[in-house]
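The structure appears right after this line, and notes come after that.
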Amino acid sequence: MLMNPIKKTLITAALVLLSLSVQAQENIKRTFDALIQDSSVELSAHHKLEKDPETGVKESQLDWWEFSLPKSKQQLVKNIQRAFEQDREQAYSISTGSNSRGGEGVESLAVGDGRGIGYSVGEMKGSDYIYGLFIDPEDTERIHRYAYVLEWKEKGDEILGRLAITYATTLKYRRGNRNTLTQRIVVNGTAYEGHDFNVQGNFVPLDGSNWLAMFNTYARLFRQSPKSTASSYYANYIYELCKKPEANQLTADEKKLVVEELGKLANLADDDFTKAIFLNAMKQIK
């Protein structure tokens, strides 16, 4: 049976778009790999991957590398920059910038569902950066995306930098689902959903007493399953809780107890990234 010409054209166009999306990411990944695998490059690697335990489908990914290389190898960095330019049309977002002030990163890219700590772009003072966002070519619903990041600067006879790959839902999708309520817990007879929302969807004001109750609830959940797929959610929630102004209402003794508990949770963490989350939470409380 002959295929309808219009339908055939649409299918062909879809296949071409899929091929371009995959190729675009392969171009950048190839130049990433060339730098990572070069024997003259000094690397420090960090990896985190989460999948749905029932389906095995990837939900969250964060891979990042700190690198240093001699200026004689600067072509490795230039090749990555060129790959971003070549794939500009296939990305749905390309951003460039620099950090002249140092300290915190200039931008943050979501990881997973975006509720936890993202990847900080442009953390090195004096660095330039570029990143591109590409829809996951295997996601037919166009909900998830890959982000590729290059950050670099010259220092003496070296080039210092960072590479990163994150996998997350798109900002458009997260905005469309911002009002979706998630996990429900009960603290002192009060129901909470997701990030400080009650069962009616109203914001729950915190004070020192229920702050401690919320902290203890999520700390207990983490202790019960520090290696589960949900553990990163608990860790991220605890970090966000420690950033809230209500944490300042704690007494000196209460802060001491919280810091001690965060230290214990950090020791239970199954990976360096989660451990770092708890250590940063300790800084917030101190």
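Packing order of peptides 144-151, 215-222, highest average first: 144-151, 215-222 (average count of other Cβ atoms within 10 Å over each peptide's residues). Bridging of residue 51 to lysines at a Cα separation below 21 Å is possible for 227, 275, once same-chain residues fewer than 8 apart are set aside. Each 10 Å bin from zero holds the following percent of Cα-Cα pairs in the stretch 23-104: 14, 33, 40, 12, 1. For the stretch 88-142, a crude dipole built from +1 on the beta carbon of Lys and Arg and -1 on the beta carbon of Asp and Glu, taken about the Cα centre, is about 320 debye to the nearest 20. Surface listing: 78, 172, 48 arranged by accessible area from highest to lowest gives 172, 78, 48, probe 1.4 Å.
The values are calculated or read from the model by the stated rules, or taken from the named source; none is laboratory data. All of these numbers come straight from a predicted model, not from anything done at the bench. No Cβ is skipped: glycine too gets one built from the backbone with ideal geometry, and neighbour counts run over all protein chains shown. Accessible surface areas use protein heavy atoms only, side chains included; no ligands, DNA or RNA. Shrake-Rupley method; radii C 1.70, N 1.55, O 1.52, S 1.80 Å.
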